[in-house]
Each structure stands twice: as C-alpha cells, then as structure tokens.
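Just so you know, all these numbers are worked out from the coordinates, no wet-lab data involved. These figures come from a predicted structure and were not determined experimentally. Glycine also receives a Cβ, built like all others from the backbone with ideal geometry; neighbour counts cover every protein chain displayed.
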C-alpha cells in the first residue's frame with residue numbers, strides 16, 4: 001500500500017470519509033481538518049508505518065504529507 | 001503511600017466563552033467544538049492563588065478529619081505561583097497556621113504527580129507521618145490575552161490531597177524531556193544594568209500540534225507502564241483521571257486505550273485547563289458527588305511544560 005493510500009485509509013477510518021473523495025492535491029482545510037486533526041492523522045500514520053513524522057508549517061496538503069514520509 | 005482525602009477551590013468569577021468572544025476573535029461554538037470548554041474561573045479582586053490553595057487544603061483536611069497540626073510537610077505544585085519567591089507553599093503554610101516545612105514544585109501540569117512521588121519517598125523514609133499536597137494555579141496570569149488560540153484554554157483553581165504512609169500508590173512513572181521550545185513563558189530580565197540585550201517577558205506560548213502528539217502518545221505510554229508494573233488490567237480500573245488540557249486529547253487517548261467514555265471524568269468543561277490543579281480538583285469533585293468511593297482503582301495521568309509527564313496507579 002502506498003503512503004497516499006495509507007493516509008486515505010486512515011482518514012476513512014478516523015474521520016468517516018470516503019477514500020474516493022480524497023485526492024493528493026487536497027489541502028487539509030479543504031478536507032475540513034483542523035490543526036489537531038492533522039496532528040492525529042500524523043500520529044496514526046506514525047503508528048501504521050513505524051516512522052516518526054515531524055509536523056511543521058510546510059505541511060498543508062495530503063501531497064505534502066506523502067512527500068515528507070516518502071523522502072525520509 | 002495512601003491518599004486520605006482530596007479538596008478543591010475555584011475563584012468566584014466565572015467567565016463564559018461568550019465573554020471571551022468580546023475580547024478576541026473567537027466564538028462559543030469554536031471554543032466548545034475545538035476544546036470542550038464552556039467556561040472557566042478566573043482570580044479577581046482580593047482572591048490569590050495561595051488563598052485558593054488554603055481553601056482546597058482546608059477541605060482536604062476536614063474530609064480526612066485532621067487539623068493542620070497533623071501535617072508534617074507541605075508541597076505545592078504550581079506552574080505560576082503567587083510570587084517569584086517566597087514559595088506559594090510558604091504562603092499557604094502561613095495562612096493555614098502550619099509550622100512544618102513547605103516548598104514548591106514546578107513540573108508544569110504534571111506537578112501534582114511529581115509531588116505524589118516525593119510525598120511517597122518522604123513517607124517511606126518515615127520521618128514524616130503526613131504530607132499535604134496542594135496544586136494551586138493561576139495560569140490565566142501567564143496567558144496572552146491577545147492570542148485567541150491560547151487565552152481561551154486556561155482557568156485558575158486549586159486542588160489538594162492529604163497523604164500518609166500505607167498501601168495505595170501501586171505504581172508511578174514520571175518522565176522529563178527538556179524542551180523549552182514548544183510550551184513556555186518567560187519573565188523579564190529586571191533592571192539589571194549588566195543584562196544586555198534586555199530580556200522581555202513572554203506570555204504563554206504553545207505549539208498546539210506538538211503538544212497534542214506528545215500528550216496522547218506519552219499519556220498512553222505512561223498509563224500502560226503503570227498498569228503493567230502494578231499488575232492491573234485496564235478493564236479493572238474504575239477511572240482514568242487525565243490532565244484536563246483539551247477534550248480532544250482526552251478523547252484521542254481514551255480511544256487508543258480502548259476504554260469507555262464513562263471511565264474518563266472531566267472538569268475541563270466548566271474549569272478549562274487548570275494546570276497541575278486539574279487532577280486533584282477533579283478527584284475532590286468526584287468525592288463530593290459520590291463517584292469516588294473507597295476501594296476504587298484509579299489511573300492518574302498528566303503531561304505539561306518541561307516537557308514532563310507522569311502516571312500513577314492509585315487505590316483510594
């Protein structure tokens with residue numbers, strides 16, 4: 001499963017979203033995720049993948065998060 | 001160590017979310033949905049943080065059927081004491097009319113648990129019979145009242161516990177990870193002519209996302225540790241009493257621990273985040289309304305500036 005697919009699965013599980021409605025270019029604001037929702041998503045992703053992910057101001061879209069994980 | 005009783009006190013003035021929306025760009029709906037807070041109590045008039053501590057201490061002493069002469073040591077957990085010095089514990093000691101040693105402990109919002117660990121060590125050594133722990137906080141004095149993200153979160157309160165030697169504290173774990181960047185406040189440099197550049201006071205600053213992550217992961221780790229070391233299963237715990245920082249932290253930690261909501265009592269709704277005072281104040285309120293009963297098993301868990309964290313498995 002790709003990082004993007006993992007993120008979509010986690011959002012579907014925790015926020016009751018349809019994975020088909022989630023696109024990589026979507027911003028967290030567009031997905032109606034506030035800063036603590038993003039922190040929770042990052043924590044769940046860390047648990048799923050077993051790697052630490054730092055939260056910083058550059059993290060604005062699903063694609064940003066994918067890049068942060070895949071470029072580690 | 002066992003805890004004989006809890007007490008608490010709140011300032012008289014209660015500030016609802018709507019009143020804050022007149023000060024900063026926020027709303028009752030936003031504060032409720034993002035934090036779970038509806039109102040908080042804030043010190044005003046002649047009230048002081050030590051006077052709150054004294055009220056909480058007297059309530060705990062009364063409930064234990066003791067007087068101040070029965071206390072051999074006073075520990076005060078406070079993030080923002082009444083004065084830089086003397087210690088708020090000494091101000092409380094004077095107002096109570098106690099003659100025993102008294103000192104403050106600043107371990108952020110984990111202060112009450114740090115004090116429990118110290119009290120346990122003192123009682124095990126055997127030269128004191130009873131320790132009074134008072135957690136007294138005026139975090140609203142540290143808040144930046146122009147910052148809508150943090151000013152809405154905090155309230156003032158005091159909680160107290162009377163402890164004596166015995167079987168009650170089954171397991172405790174404390175941690176510290178020095179990090180002055182994600183949660184801090186700074187005092188100014190005074191008028192020392194040799195202090196260059198001048199150091200300005202900085203009100204409370206917090207990196208919400210970092211604290212959220214730290215709080216949830218560290219609380220869950222600490223709680224699992226004390227359960228394992230105390231030989232108790234999560235299902236056997238009557239209440240998980242967590243630091244009342246944010247309703248969403250409580251809900252996320254609860255979900256990860258796979259425990260029912262009814263086991264996670266809250267006072268954040270009407271008190272806000274009252275720092276180290278939140279846990280003992282909540283336990284006192286649970287004594288008052290009958291939820292806390294002798295023989296119950298509790299897990300206490302806190303995290304805060306330092307960064308510090310801790311959990312305790314306690315039978316009451």
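May I ask for the distance between the Cα centers of the range B:81-157 and the range B:5-73, given as a whole number of Å?
14
Cα centroid distance between the range B:254-316 and the range B:189-215, in Å?
29
Of the DSSP beta bridges with both residues in the protein assembly as shown, give the percent that are antiparallel, rounding to the nearest 5. Numbers along the way, then the final one.
On the way: 38 of 53 bridges.
Restricted to the protein assembly as shown, the bridges split so that about 70 percent are antiparallel.
In percent, how large is the relative contact order of the range B:1-87, given Cα pairs closer than 8 Å and 6 or more residues apart? Before the final figure, lay out each step's value.
Values: 78 pairs, mean separation 32.2, N = 87.
In percent, rounded to a whole number, it is 37.
Averaging the inverse of every distinct alpha carbon separation and then flipping it gives the Kirkwood radius. What is it for the range B:118-208, in angstrom units?
On the way: mean 1/r = 0.0587 Å⁻¹.
For the range B:118-208, inverting the mean 1/r across all distinct Cα pairs yields 17.0 Å.
How much length, in nm to one decimal, is gained on full extension between residue B:225 and residue B:124, taken as 0.36 nm per residue of separation minus their Cα-Cα distance?
Details: separation 101, 0.36 × 101 = 36.36 nm, distance 2.22 nm.
So the extension gain works out to 34.1 nm.
Bin width 5 Å, origin at 0, all Cα-Cα pairs of the range B:227-316: what percent of pairs per bin?
3, 13, 26, 27, 20, 9, 1
Listed highest first by mean packing, meaning other Cβ atoms within 10 Å per residue, what order do B:126-134, B:88-96, B:162-170 come in? Could you put the intermediate results ahead of the total?
Working: B:126-134: 21.3, B:88-96: 23.3, B:162-170: 19.0.
The peptides rank, most packed first, as B:88-96, B:126-134, B:162-170.
If you take each beta carbon of peptide B:213-219 and count the beta carbons of other chains within 10 angstrom, what is the mean?
Numbers: counts 10, 1, 1, 4, 3, 0, 0.
Averaged over the peptide's residues, the number is 3.
Calculate for chain B the 222 nm mean residue ellipticity that helices alone would give, adding -39,500 (n - 2.57) per DSSP H run of length 4 or more and normalising by residue count, nearest 500 deg cm²/dmol. Write down the numbers at each step before the final one.
On the way: 10 runs with 105 residues, N = 316.
The helix contribution divided over chain B gives -10000 deg cm²/dmol.
If packing is taken as the average number of other Cβ atoms within 10 Å across a peptide's residues, how do B:50-57, B:147-154, B:4-11, A:16-23 rank, most packed first? Working shown, then result.
Values: B:50-57: 27.2, B:147-154: 19.8, B:4-11: 24.4, A:16-23: 12.0.
Highest-to-lowest ranking by the protection proxy: B:50-57, B:4-11, B:147-154, A:16-23.
Among DSSP beta bridges whose residues both lie in the range B:2-166, state the antiparallel percentage, nearest 5. Could the numbers behind the result be given before it?
Numbers: 19 of 29 bridges.
Given both bridge residues lie in the range B:2-166, the antiparallel proportion sits at roughly 65 percent.
Separation of the range B:172-188 and the range A:26-72 by C-alpha centroid, Å?
If we compute the Cα centre of each part, the gap is 25 Å.
Show me B:256-267, B:104-115 ranked by packing, highest mean number of other Cβ atoms within 10 Å first.
Numbers: B:256-267: 15.5, B:104-115: 26.2.
Top to bottom by mean Cβ count within 10 Å: B:104-115, B:256-267.
Could you work out the relative contact order of chain B, using alpha carbon pairs under 8 angstrom and six or more residues apart, expressed as a whole percent?
Working: 778 pairs, mean separation 82.0, N = 316.
Relative contact order of chain B: 26 percent.
Along each of the three principal axes of the Cα atoms of the protein assembly as shown, give the extent in whole Å, ordering the values from largest to smallest.
Computed over the Cα atoms, the extents are 68, 56, 41 Å.
Can you give the average number of partner chain beta-carbon atoms within 10 Å of each beta-carbon in peptide B:239-251, as a whole number? If you can, show how the numbers build up before the last one.
Numbers: counts 0, 0, 0, 0, 0, 0, 0, 1, 0, 5, 3, 0, 1.
Mean inter-chain Cβ contacts per residue within 10 Å come to 1.
Once you wrap a convex hull around the alpha carbon atoms of chain B, what is its projected area averaged over all directions, in nm²?
Working: hull surface 65.9 nm².
Seen from a random direction, the Cα hull of chain B projects 16.5 nm² on average.
For A:46, B:82, what's the fewest-to-most ordering of other Cβ within 10 Å of each Cβ? Intermediate values should be presented prior to the final figure.
Details: A:46 15, B:82 24.
By the 10 Å Cβ count, ascending, the order reads A:46, B:82.
When Rg is the radius of gyration of the Cα atoms in chain A and Rh is its Kirkwood radius, what does Rg/Rh come to?
Values: Rg = 10.8 Å, Rh = 12.0 Å.
Using only Cα positions, Rg/Rh for chain A is 0.90.
For Cα pairs less than 8 Å apart in space and 6+ apart in sequence, what is the mean separation divided by the residue count of the range B:171-315, i.e. the relative contact order in percent? Numbers along the way, then the final one.
Numbers: 228 pairs, mean separation 51.2, N = 145.
Reported as a whole number, the value is 35 percent.
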